[in-house]
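Here's the structure we're looking at; comments come further down.
The values are calculated or read from the model by the stated rules, or taken from the named source; none is laboratory data. Source: prediction; values computed, not measured. Cβ placement follows ideal geometry from the backbone for every residue including glycine, while neighbour counts extend to all protein chains displayed.
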């Protein structure tokens, strides 16, 4: 497998994930599409991703399975990809002097502020993955954000430095590549979770009920494991539980 990723920079695109998915058959494993401006960037829960043109890293890395790429992986066992990607982003930020955590399942937080969002979309053949399109939006140089974004932060705000995006992206991709395909990282992932081990308020999305609980683990299928103050163990899928921040 090749050592470096291939990066293609686009001036403008609707979404790097959309562009990668439209052209997935012709894109090699570990290729990256990066955009200086996304007109319709997407995040988790169907949200849009807001980023000022030319100030942040918005890109998609394509991970392919089989045929000399990564070993085949069942769609039902895809969550370890998310673990590996989030840990790769944490590795990069730590290298840059920024200590961050993972807000389950795959947002990256510095204390109580969001610095990075990740959206992973897959193509399938039967019940197996053929490709994962790993979309990452990392706040780098932006210092002012739309008021509807309640808790954003950027690398520049934290360090006081200005970053060259085209220098930083290959560096970040190297940290990601070191993690991809290595799935024996469940304990490390849990240890890096935002608010792990401490009791906090959560809202059950289906009922609106508030519970006070602590994170005690995440299953291999990505379910968040909580323990209430009364010792009750609960498991939640993505979109079934929300943090109170």
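Looking only at residues in segment 206-239 that are surrounded by 14 or more Cβ atoms within 10 Å (Cβ to Cβ) and in a loop (DSSP other than H, G, I, E, B), which one is modelled with the lowest pLDDT?
Here is the first cut: in segment 206-239, the residues surrounded by 14 or more Cβ atoms within 10 Å (Cβ to Cβ) are 211, 213-218, 222-228, 234-236, 238.
The next check asks that each one be in a loop (DSSP other than H, G, I, E, B); those that pass are 222-223, 238.
Values: 222: 97, 223: 98, 238: 94.
Applying the filter and picking the extreme gives 238.
In segment 105-130, how many residues are surrounded by 22 or more Cβ atoms within 10 Å (Cβ to Cβ) and assigned to a loop (DSSP other than H, G, I, E, B)?
Here the count works out to 1.
Of the conditions (1) closer than 17 Å to residue 176 by Cα; (2) under 19 Å from the mean Cα position of the chain (by Cα); (3) modelled with pLDDT of 95 or more, residue 5 satisfies every one except a single condition; which number is it?
(3)
In segment 76-104, how many are without any contact (Cβ under 8 Å) to a residue 40 or more places away in the chain and not in a helix (DSSP H, G or I)?
So the answer is 2.
Applying the selection to segment 131-173, what residues are outside any loop (DSSP other than H, G, I, E, B) and without any contact (Cβ under 8 Å) to a residue 40 or more places away in the chain?
Listed by number, the residues that qualify are 152, 156, 157, 167.
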